[in-house]
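Trainee: Structure below; questions to follow.
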Amino acid sequence: MESFFNASWAERWLAVRSAVSAPDFLWPDLLWLLLALPLLVLAYLWLLRRQRKLAVRFASLSVVREALGSGPGWRRHIPPALLLLALACMLLAAARPVAMVSLPSQQRTIMLAMDVSISMRASDVLPNRMVAAQEAAKAFITSLPRQVKVGIVAFAGSAQVAQLPTQSRDDLLRAIDSFQLQRGTATGNGLMLSLATLFPHSGLDIVALDSRMGGGGFGGGGRGSPLEGRGMPGVPEQPAPVPPGSYTSAAIVMLTDGRRTTGVDPLQAAQLAADRGVRVYTVGVGTNEGETVGFEGWSMRVTLDEETLKSIAAKTSAEYFYAGNAPDLKKVYETLSSRLAVERRETEVSALFALAAAALALLAAGLSVWRYGRIA
């Protein structure tokens, strides 16, 4: 409920629309009280009929007209009708309605894990994948609410924190501009370092994990093994798992264009994120056909590993986005910005119905005073 009052008027209006369209109720048994409303209507009609019978006893016709009211007869029924609607809203509020509404996200930290491997030199995304990713990431950062902290992790054969989570957009933009391309693609390391940055006291030791899982280090190609063995060096004690996607204070956005060639298994890293409830949104950049890139006398064919990226997103209850060109990449980040800034969640909206009841009651009282000089 606190989130509702912190929302803007536009977001509150969305909440009203959502609540009216298909509300559910925490105390639905109280809705039986609505059956009393037709009885109130019958009681009102009976009072009107009784008033007419009493009116014939007056000798003066002017006194009768004053009692019945002047002008069109239907207008005198508006205040009671509004009061009846106010009572209906009060009963609905008492039943504690809940609805899926769009409210400001509670996420206050977003980690950007960005691929800076040599394959990002490919020009199938103009002017090349790296420049397109940098420009889209900078637009994404500037579009986020100012209170959201953003951290940046750059990964290639290893992973480094390019910028700790901060609200300073200038520092973040400078960190993105300082990217240097390197060999190797350690997607799992980028994800693990993002987690370690979000949970600095969790005991996540990427170097030890990489060694334990058979990572090849810079340019290596170990296949890796499951994260297992409580008490082993570098393997953190696992916290009690929570439902995937349930941690609403932070999220990770990982952008990459290639397959893992070294480091921690990204699917195992994704499982650690899922156990902590952190969503990992994955963005695949590049064409499905891939491209051959050269560097210092050697060349390699770079292709997009969409299957792994989709699995990472699915494990963490997030989404995968594909960007085959620069405009698509910008649209992806625009979509992510809207998803991370506003979220839909089930919220109790009793206050909306109580507010409507108060407004209707005040309107009924105002019309009655304006027409009769008193609350009739």
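Trainee: Kindly write out, for the range 127-144 in residue order, the coupling ³J(HN,Hα) from the Karplus curve 6.51 cos²θ - 1.76 cosθ + 1.60 (θ = phi - 60°), rounded to whole Hz, with x marking Gly and Pro.
Mentor: x, 7, 4, 5, 5, 4, 5, 4, 5, 5, 5, 5, 5, 4, 5, 5, 8, 6
Trainee: Take the cross-link list 310/331; 138/310; 149/310 and give me the ones stretching past 22 Å between alpha-carbons.
Mentor: Pairs exceeding 22 Å: 138/310; 149/310.
Trainee: Using modelled backbone amide H atoms (1.01 Å from N, in-plane), which distant-in-sequence or interchain residues come within less than 5 Å of residue 116's amide H?
Mentor: Answer set, sorted by chain and number: 155, 156.
Trainee: To continue, here is another question. Across 5 Å bins from 0, what is the distribution of all Cα-Cα pair distances for the range 132-208, in whole percents?
Mentor: Bins of 5 Å from zero give 3, 15, 24, 24, 19, 11, 4, 0 percent of pairs.
Trainee: Using a 10 Å cut-off on Cβ atoms, rank the peptides 26-32, 109-115 from the highest mean neighbour count down.
Mentor: Order by mean packing, descending: 109-115, 26-32.
Trainee: Can you give the extra length, in nm with one decimal, that the chain gains between residue 355 and residue 180 once fully stretched, where that is 0.36 nm per residue apart less the Cα-Cα distance?
Mentor: Length difference between fully extended and current span is 57.4 nm.
Trainee: Follow-up question, since we're still on this one. Sticking with the crude label model, points 7 Å out along Cα→Cβ, report the distance from residue 24 to residue 338 in nm, one decimal please.
Mentor: 2.6 nm
We did not get these values from a lab; they are worked out from the coordinates using the rules stated. Given the structure is predicted, the values throughout are model-derived calculations rather than measurements. Because the Cβ atoms are built from the backbone with ideal geometry, glycine has one as well, and the counts that use them run over all protein chains shown.
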